[in-house]
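Here's the structure, in structure tokens; my notes come after.
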Amino acid sequence: MKILAVGRNYVEHIKELNNERPTDPVIFMKPDTAVLRNNAPFYYPSFSNDIHYEVELVLKVSKMGKNINEKFAQKYYDEIGIGIDFTARDLQRKAKEKGLPWALAKGFNGSAPVSQFIPKNELGKLTDISFSLKADNEIKQEGNTSMMLFNFDYIVSYLSSFFTLKKGDLIFTGTPAGVGPIKIGQKLTAFIENEKLLECEIK
Ligand code: MG
């Protein structure tokens, strides 16, 4: 199983990190050891002092495919969940300055908590899904898929032209504005519409 992720996919988030608006999706990967399931806690690692939450909708690939036409992309994912793309912002800043890869900043152990998945046909219009993140009951991030630069079908099609997608692969689809640092003792909760789907305690 692999985890593919899109960076810089919501305009307001691009602005808050002073990044350029991309003409093609910015893609990175996390290893399968990044996944935290069943609301498992996240243990703050010693190599970073500035880990940020980034709440994101996550697609689960339902069958193998490559070079998928955007028109048929919907057939390759049937469930959607919510996840957090934990990012060691200090390591990422260093990597960006030197033009180096983000593997360490994005792929460390536990950097991808994911919720249970919901059949996508229960979510209504995929271009109008609201989602949010709270830290200790305070709303930190709110997004809606209408604000994406690259929509789900485009992302699936684009990724599949480089990587063969396999059943069970996860695709993180980008974070809206409001990212910020996590603290030990905090409890993060993530919602699709008003349904709480994910909890993650920082230890
Ligand atoms: Mg992200």
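The values are calculated or read from the model by the stated rules, or taken from the named source; none is laboratory data. Source: prediction; values computed, not measured. With ideal geometry, Cβ positions are generated from the backbone for all residues, glycine too; neighbour counts draw on all protein chains shown.
What to note about this one:
- Residue match in the stretch 116-139 (condition: part of a strand (DSSP E or B), at pLDDT 95 or above, farther than 22 Å from VAL26 by Cβ and among the basic types (Lys, Arg)): yes
- Unique residue being under 18 Å from VAL6 (Cβ atoms), buried (at least 17 other Cβ atoms within 10 Å of the Cβ) and of a type in the set (A, V, I, L, M) when the list is ALA112, ALA88: ALA112
- Top-ranked residue of the stretch 88-108 - restricted to ones that are outside any helix (DSSP H, G or I) and touching a Leu at 6+ places or on another chain (Cβ under 9 Å), ranked as nearest to the ligand (Cβ to nearest atom): TRP102
- Pick from the stretch 167-188, criterion in a loop (DSSP other than H, G, I, E, B) and crowded, with 21+ Cβ neighbours inside 10 Å, ranking: farthest from the chain's Cα centre (by Cα): ASP169
- Residues in the stretch 62-82 that are in contact with a helix residue (DSSP H, G or I) (Cβ under 7 Å, 6 or more places away or on another chain) and charged (D, E, K, R) were compared, and the one that is farthest from ALA190 (Cα to Cα) is LYS66.
- Applying the criterion of at least 1 residues that are away from the ligand (no atom under 13 Å from the Cβ) to the strands (runs of 3 or more DSSP E) found wholly in the stretch 2-87 leaves 55-61, 77-84.
- Test: GLY143 is assigned to a strand (DSSP E or B) and either out of contact with any strand residue (DSSP E or B) (no Cβ under 7 Å at 6 or more places or on another chain) or small (Gly, Ala, Ser) (or both): yes
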